[in-house]
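Working notes, structure below.
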Amino acid sequence: MRLFLNLFIKEVMMKTIFTLLVLLAFTGTAIVVPQSSAFAASQYPNTGKVLETMDASIYTYVQVTGANGPVWIAASKTKVAKGETISYPDGAVMTNFTSTSLNRTFDKIIFVDKIKVEKKK
């Protein structure tokens, strides 16, 4: 009887160890890697100095300097002031867009998810 009990305990322990090893093998380990400045820059590849800004409903409309002249950007409502520098991702370009809340038509405007106000150096 004692031999049977010892064999039973060993079998249960072996199955438990095997199960734990299998679970460990299939469980991934999360590694947090800090974002590099190169990665952050690639998210917001465009920059410009704010020339004009206005809020309407859930959007902030910002006119910024661009390589080919001033550019209008529309993003989620963001606190930004004239003279600040912002970065923004590429977005959806719309022509002859009419904002009913501003009662204004923009010849060309870029819609982006959000803009990033750059810290003054």
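The values are calculated or read from the model by the stated rules, or taken from the named source; none is laboratory data. Note that the structure is a prediction, hence the values are computed from the model and not measured. Counting neighbours? That spans all protein chains shown, and the Cβs are built from the backbone with ideal geometry, glycine included.
Condition check ((1) touching a strand residue (DSSP E or B) at 6+ places or on another chain (Cβ under 8 Å); (2) aliphatic (A, V, I, L, M); (3) at pLDDT 95 or above) across all residues:
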position	(1), (2), (3)
Leu3	no, yes, no
Glu52	yes, no, yes
Ile58	yes, yes, no
Gly69	no, no, no
Ile73	yes, yes, yes
Ser101	yes, no, no
Asp113	yes, no, no
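It is to be established whether one or more residues within region 107-118 are touching a residue at least 40 places away in the same chain (Cβ under 8 Å), in a loop (DSSP other than H, G, I, E, B) and surrounded by fewer than 17 Cβ atoms within 10 Å (Cβ to Cβ). The answer is yes; a qualifying residue exists.
Note on region 64-105: among residues that are touching a residue at least 40 places away in the same chain (Cβ under 8 Å) and of a type outside the set (S, T, N, Q), the one that is surrounded by the fewest Cβ atoms within 10 Å (Cβ to Cβ) is Asp90. Condition first: under 18 Å from the mean Cα position of the chain (by Cα) and either within 13 Å of Gln63 (Cα to Cα) or charged (D, E, K, R) (or both). Now tell me which residues in region 92-111 satisfy that. Across region 92-111, the qualifying residues are Ile110, Phe111.
Scanning region 69-102 for residues being closer than 24 Å to Lys120 by Cα, in a loop (DSSP other than H, G, I, E, B) and not acidic (Asp, Glu) gives a total of 10. Do we find that Val22 is modelled with pLDDT of 65 or more and not acidic (Asp, Glu) in this structure? The answer is no for Val22.
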